[in-house]
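The values are calculated or read from the model by the stated rules, or taken from the named source; none is laboratory data. These figures come from a predicted structure and were not determined experimentally. Here the Cβ positions follow ideal geometry from the backbone for every residue, glycine too, while neighbour counts run over all protein chains shown. Remember, those area values only see protein heavy atoms, side chains included, never the ligands or the DNA or RNA. Shrake-Rupley method; radii C 1.70, N 1.55, O 1.52, S 1.80 Å.
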Amino acid sequence: MTFNAALERATGSAPSVQANAAGVEASRSSAIAAGQLPDPTLSVGIDNFPISGPPAFTFNRDDMTMARIGIEQAFPNPAKRRAQRGRAQAEIGVAEASLAVEAQNIRLETALAWIDLYYAKRRLAQLQLLDESLGDLQATVSARLASGSARPSQALEPEQLRAAVGDRRSELTAEVARAKARLARLTGDPDADVSGDPPVIEVDGSALRAGLAALPRLQALDAEARVADADTELARAEKRPDWSVGTSYGRRDPAFGDMVSVTVSIDLPFFSRKRQDPLIAARESEASRARLLRAAGERDVLAALDGDLADHAMHHQRLMNARQTLVPLAKRRAELDMASYAAGRLDLGSALLSSLTLAEAEVDALAREADVARDAIRINFTYGEVRP
């Protein structure tokens, strides 16, 4: 699959992303109930039932005995209901930020797995070219042995080099398998493989710094701060009285007539210094803590960005050094040594060692190119929203 196809498949099928999306839906559903009036209360009972005197244990001999049915509705104060709705909206923000963070992490992991697999396969192919050239060299050695111009022990040298290349190939084969396993886990495709070329992503440090506030990680901290502020408002609303209204109908013996009652109840928060005020102070401290964590989080992100940019610059310089100096020198040395061997001025072992050095230099250059690509992807997918 191509780079973009891998990203789309991973974000669309990752169970962790789907789990966070379900959390968003749960928060939105909960917000519908926030700030609503509580359910009314139905009451049924018997009032003034006599248990002593002449009318004891009778329903119709005392004019106060009655069967009662009533209903009561509580009305929390408007500030509390507004605070409940505000907190529910803040919880939605937390869930949405968590979803964005998880989606960003999945995209980053998938992009890095794709890049690792792509370059591991390229390095493996580079070693395969060396192995094929050793086969051609083996034929040359055999011809020299037949003509008597080479020592018999020289026939073993290409095989020794092949064994060394085989060890390196085994390492890269395991690296390819690990990268495939990661890509398969993230995309859900058991036969995941790479297709096409990696994207060319530029790193713009100034633009990334300017957009740090929009990062999902910092947005999540902002959402947590909003939840803390909503909790503070909810605690303050507790100082305002709630009230309730109730009405009841009492049925008595027909000789005495029925009765209707209406009641109004109001909370009296007289002891706020020991009840509501300490809770308000606690919630205010939590809100202050959330804001400080947000500020610390921004500093951490900025410091991490600066460090990653420095690593990217270093890896880019190492890549240029490999392309412009190390690989050309190793290639020139291998060519000169093979020419000297062909002319009989250099032993086969030294010529083979130069060939191995060239192969290692080319493989190392690919590893350095992979480091630069990984840096660009990690920086842009961590500190920005890049969709190649």
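Mean separation of Cα pairs under 8 Å and 6+ residues apart, divided by the residue count of the chain: what relative contact order is that in percent? Intermediate results must be reported in sequence, preceding the final value.
Details: 496 pairs, mean separation 94.7, N = 388.
Taking the mean separation of contacting Cα pairs over the length of the chain, I get 24 percent.
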Taking Cα atoms, how many degrees apart are the long axis of helix 3-13 and the longest axis of the chain, rounded to 10 and kept between 0 and 90?
30
Give me the accessible area of Ile71, 1.4 Å probe, in Å² rounded to the nearest 10.
90
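Roughly how many percent of the accessible protein surface of the chain is carbon and sulfur, given a 1.4 Å probe and a whole-percent answer? Don't jump to the answer; show the numbers that get you there.
Values: 11810 of 21460 Å².
Answer for the chain: carbon and sulfur cover 55 percent of the accessible area.
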Could you state the angle between the C-alpha long axis of helix 348-383 and the longest principal axis of the C-alpha atoms of the chain, as a value from 0 to 90 degrees rounded to the nearest 10?
20
Would you calculate the separation in nanometres between label points at Asp306 and Gln126, each defined as 7 Å from the Cα along the Cα-to-beta-carbon direction?
3.4
Apply the Karplus curve 6.51 cos²θ - 1.76 cosθ + 1.60, θ = phi - 60°, to the phi angles in the stretch 254-260 and return the couplings in whole Hz, x for Gly and Pro.
x, 6, 10, x, 8, 9, 10
Ranking by accessible area, most exposed first, for Leu279, Leu221 with a 1.4 Å probe
Leu279, Leu221
What whole-number value in Å² describes the accessible area per residue of the chain for a 1.4 Å probe?
55
Using the Karplus equation 6.51 cos²θ - 1.76 cosθ + 1.60 (θ = phi - 60°), what ³J(HN,Hα) coupling, rounded to whole Hz, does each residue of the stretch 194-200 give in order, writing x for Gly and Pro?
9, 9, x, 9, x, x, 9
Nearest 20 debye, what's the magnitude of the dipole of the chain about its Cα centre given +1 on Lys and Arg Cβ and -1 on Asp and Glu Cβ?
520
Along the three principal axes, how long is the stretch 266-381 when you take its alpha carbons, biggest first, rounded to the nearest angstrom?
108, 22, 18
Helix 78-147: angle to the longest alpha-carbon principal axis of the chain, degrees 0 to 90, nearest 10?
10
Can you tell which of Leu305, Met338, Ala359 lies farthest toward the positive end of the dipole of the stretch 258-388, using +1 and -1 charges on the Cβ of basic and acidic side chains (Lys, Arg; Asp, Glu)?
Leu305
Where q = 0.06, 0.09, 0.13 Å⁻¹, what log10 of I(q)/I(0) comes from the Debye formula for the chain, counting one point per Cα?
-0.51, -0.79, -1.12
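Please arrange Ser27, Ser206 by accessible surface area, largest first, computed with a 1.4 Å probe and ligands excluded. Can you show the working numbers first?
On the way: Ser27 25, Ser206 85 Å².
Sorted descending by solvent-accessible area, the residues read Ser206, Ser27.
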Rolling a 1.4 angstrom probe over the protein chains, ignoring ligands and nucleic acids, what is the accessible area of Glu202 in square angstrom, nearest 10?
140
Heavy atoms only, 1.4 Å probe, whole protein assembly: order Val260, Val194 by accessible area, highest first.
Val260, Val194
Work out the charge dipole of the chain with +1 on the Cβ of Lys and Arg and -1 on the Cβ of Asp and Glu about the Cα centre, then indicate which of Leu124, Ala111, Leu212 is farthest towards its positive end.
Leu212
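Contour minus end-to-end for Ser170 and Leu268, with contour as 0.36 nm per residue of separation and end-to-end as the Cα-Cα distance?
Contour length minus Cα-Cα distance gives 27.5 nm.
Among residues other than Thr65 whose Cβ falls under 14 Å from its Cβ, what is the net charge (Lys/Arg +1, Asp/Glu -1)?
Numbers: positive: Arg61, Arg68, Arg251, Arg252; negative: Asp47, Asp62, Asp63, Asp253, Asp258.
Taking every other residue near Thr65 into account, the sum is -1.
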Any idea how far the Cα center of the stretch 239-308 sits from the one of the stretch 19-49, in Å?
16
Using mean Cβ contacts within 10 Å as the protection proxy, how do 333-339, 31-37 order, highest first?
333-339, 31-37
